[in-house]
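The values are calculated or read from the model by the stated rules, or taken from the named source; none is laboratory data. Quantities reported herein were computed from a predicted structural model and do not represent experimental measurements. Note that we place each Cβ from the backbone using ideal geometry, even for glycine, and neighbour counts take in every protein chain shown. Areas reflect the complete protein model, heavy atoms only, side chains present, ligands, DNA and RNA absent. Shrake-Rupley method; radii C 1.70, N 1.55, O 1.52, S 1.80 Å.
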Amino acid sequence: MSLEITINQVEQTRISSYDIENVGFGKVFTDHMFSCDFIDGKWVDLRIEPFGKIPLSPTLSALHYGQAIFEGMKAFKNEAGHVSFFRPLENLKRLNFSAERMCMPTLTEEIFMEALQRLVALDVNWIPVKSGSALYIRPFMFATDDFLGVKQSETYKFMVYACPVNAYYTHYLKVKIEEFYTRGAQGGAGAAKCAGNYAAAMYPTKLAQQAGFDQVLWTDGATHTFLEETGTSNVFVVTKDAVYTPELTDTLLAGITRKSVIEYLKDAGKPIIEKHVSVSELIKWHEEGSLLEMFVSGTAATLTNIELFNYKGKDYVLKMDIDLLSNQIKIVFNDIRMGLIPDRFNWMVALKEYALINQ
Ligand SMILES: *Cc1c(COP(=O)(O)O)cnc(C)c1O
């Protein structure tokens, strides 16, 4: 028995107004969106409607006290028209982790997957097929109580919308290693994909951008001496001896791309070490000539190399004309997503056919 989802389809698709193979990142949204409401302890009124504005009360508690979380994931379509999601259950797991941290209700696998399957089935024509392109899917949840006081909301809305996307970063990154501002503190909410983390990062990011960098490379809040991650991506450091990535703590986001890179490297027999990497270690590797490469990993950005990092006002430049490990990984990930090689890690979840027929 599948869930009861009310579907109200658009009369006319907007797709012909766009060249979905060349839309850039996050500017164009598909025809439909999914919503449901958490009322009296249950998710009710599951529905798919035309994408559009939603009415908000000025008292909406998410706007004031920030109980708001989100996920970012992708669906891919290959030349043969086969559609699949990349590790969607990992996104559900993390959404529920974020929900618990923010005192919000969790979602069942059934609701989450059915929302994805039905929405993507309806908007399947919006998925670009060009390499590096995908349908970006944004599940999110926010508090909807109309109440002035600070308390956990009793009602919530969970929604999903989607947009065709092409490559995110088209260049290598210059990052500033942060020495003052903090993204996540021990015992804080850095490991949750909650809205406030991104709001708090904007000012330090603006300062870094004004100084000519693309992104902040965050360090630990207590000592500012260990690498953490960038704004929306995890970081990897490749040396002659091993690949390093900061170990997971409650101050950084457990990226699904990060996890996939680690699984791939382990499978390929490459030494991959999850540990705290200090800035002084990084600089020492750079000075010795053993630092080969740095890249960031995330759903939006996939893998993007860092060509320069700055610490205490000094630039450290990485050689980019080498055989980049990130490129090898990107090719394998792309081939798995496009069904060009077997999915030996079991990462992909196919769009169910019944969802297509049931439209
Ligand atoms: C979403 C996010 C990531 C990357 O996670 P993926 O699951 O790989 O997309 C890393 N860091 C932060 C802060 C993020 O918000």
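Count charges around Leu107 for me, please; just the other residues with Cβ under 11 Å from its Cβ, Lys/Arg as +1, Asp/Glu as -1. Spell out each step's value before the answer.
Values: positive: Lys93; negative: Glu71, Glu109, Glu110, Glu114.
Once all neighbours under 11 Å are counted, the net charge is -3.
Accessible area, 1.4 Å probe, largest first: how do Glu4, Glu293, Glu110 sort?
Details: Glu4 150, Glu293 5, Glu110 90 Å².
Largest accessible area first, the residues go Glu4, Glu110, Glu293.
Which residues in the range 16-36 place their backbone N less than 17 Å from a point set 7 Å from the Cα of His171 along the Cα-to-Cβ direction?
What the label zone holds, given the 17 Å backbone N cut-off, is 25.
Please check which bits of the range 298-337 a label hung off Lys240 would reach, taking the label as a point 7 Å along Cα-to-C-beta and the cut-off as backbone N under 16 Å.
Backbone N within reach: 319, 323.
In degrees from 0 to 90, rounded to the nearest 10, what is the angle of the helix 109-122 Cα long axis to the longest principal axis of the chain?
Tilt relative to the chain: about 80 degrees.
Going down the list Lys93/Lys312; Lys77/Lys193; Lys77/Lys151; Lys93/Lys330; Lys27/Lys284, which pairs span over 32 Å between their C-alpha atoms? List each step's numbers first, then the result.
On the way: Lys93/Lys312 38 Å; Lys77/Lys193 26 Å; Lys77/Lys151 43 Å; Lys93/Lys330 24 Å; Lys27/Lys284 42 Å.
In this structure, Lys93/Lys312; Lys77/Lys151; Lys27/Lys284 exceed 32 Å between Cα atoms.
Pairing the Cα long axis of helix 88-101 with the longest principal axis of the chain, what angle in degrees results, from 0 to 90 and rounded to the nearest 10?
The two axes meet at around 90 degrees.
Would you work out which of Gly269, Val124, Ser57 lies farthest towards the positive end of the dipole of the chain? Charges go on Cβ: Lys and Arg +1, Asp and Glu -1.
Looking along the dipole axis, the top candidate is Gly269.
Along the positive direction of the dipole of the chain (beta-carbon charges: Lys, Arg +1; Asp, Glu -1; about the Cα centre), which of Pro204, Gly81, Gly231 reaches farthest?
Pro204
Could you tell me the calculated FRET efficiency between Glu79 and Glu274, based on Cβ-Cβ distance and R0 = 35 angstrom, to the nearest 0.05?
Numbers: r = 36 Å, r/R0 = 1.03.
For Glu79 and Glu274, the calculated efficiency is 0.45.
When every alpha-carbon pair in the chain is counted, what percent end up more than 40 Å apart?
Values: 9382 of 64261 pairs.
That fraction is 15 percent.
Residue separation times 0.36 nm, minus the C-alpha to C-alpha distance between Thr155 and Glu49: what's the value? Intermediate values should be presented prior to the final figure.
On the way: separation 106, 0.36 × 106 = 38.16 nm, distance 2.04 nm.
Between Thr155 and Glu49, full extension yields 36.1 nm more.
Quickly rank 213-220, 76-83 as a protection proxy: mean count of other C-beta atoms within 10 Å, highest first.
On the way: 213-220: 23.8, 76-83: 15.0.
Top to bottom by mean Cβ count within 10 Å: 213-220, 76-83.
Magnitude of the Cβ-charge dipole of the range 173-319, K/R +1 and D/E -1, about the Cα centre, nearest 20 debye?
240 debye
Nearest 500 deg cm²/dmol is fine: what mean residue ellipticity at 222 nm does the chain get from its DSSP H runs of n ≥ 4 alone, each adding -39,500 (n - 2.57), divided by its residue count? Numbers along the way, then the final one.
On the way: 8 runs with 89 residues, N = 359.
The helix contribution divided over the chain gives -7500 deg cm²/dmol.
Under 5 Å between amide H atoms, partner at least 5 residues away or on a different chain: which partners does Ile306 have, H built in plane at 1.01 Å?
Here Leu173, Met294, Phe295, Val296 satisfy the definition.
On average, how much accessible surface per residue is there in the chain, in Å², for a 1.4 Å probe, leaving out ligands, DNA and RNA?
On the way: 16360 Å² over 359 residues.
That works out to 46 Å² per residue.
Hey, any idea what % of the range 49-125's accessible area is carbon plus sulfur with a 1.4 Å probe?
Numbers: 1890 of 3280 Å².
Exposed carbon and sulfur together represent 58 percent of the surface.
Hey, got the dipole for the range 236-330? About the Cα centre, +1 on K and R Cβ, -1 on D and E Cβ, debye to the nearest 20?
Working: 11 positive and 14 negative charges, 20 e Å.
With Lys and Arg at +1 and Asp and Glu at -1, about 100 debye.
What distance in nm separates the two pseudo spin-label positions at Thr108 and Ile322, each 7 Å out from Cα along the beta-carbon direction?
About 5.1 nm, to one decimal.
Say R0 is 22 Å: what FRET efficiency, to the nearest 0.05, do Ile15 and Val129 get from their beta-carbon distance? Present the calculation step by step, with values, prior to reporting the outcome.
Details: r = 14 Å, r/R0 = 0.63.
Using R0 = 22 Å, I get an efficiency of 0.95.
Treating only the Cα positions of the range 173-319 as identical point scatterers, give the base-10 log of I(q)/I(0) from the Debye formula at each q in 0.14, 0.17, 0.18 Å⁻¹.
-0.61, -0.93, -1.05
Could you look at the range 173-319 and say what percent of its accessible area is carbon and sulfur, using a 1.4 Å probe and all protein chains? Don't skip to the end; give the middle numbers.
On the way: 3150 of 5830 Å².
Answer for the range 173-319 is 54 percent, counting heavy atoms of protein chains only.
Assuming R0 = 25 Å, can you tell me the calculated FRET efficiency for the pair Asp37 and Phe97, based on Cβ-Cβ distance, to the nearest 0.05? The partial results should precede the final answer.
Working: r = 22 Å, r/R0 = 0.87.
The pair Asp37/Phe97 has a calculated efficiency of 0.70.
For the range 252-311 and the range 96-163, compute the distance between their C-alpha centroids and round to whole Å.
Taking the Cα centre of each part, the range 252-311 and the range 96-163 sit 29 Å apart.
With angles folded into 0 to 90 degrees, how steeply does helix 279-288 sit against the dominant principal axis of the chain? Use alpha carbons for both and round to 10.
The answer is roughly 50 degrees.
With charges only on Cβ, +1 for K and R and -1 for D and E, what is the dipole size of the chain about its Cα centre, in debye, rounded to 20? List each step's numbers first, then the result.
On the way: 35 positive and 43 negative charges, 70 e Å.
Computed about the Cα centre, the dipole is about 340 debye.
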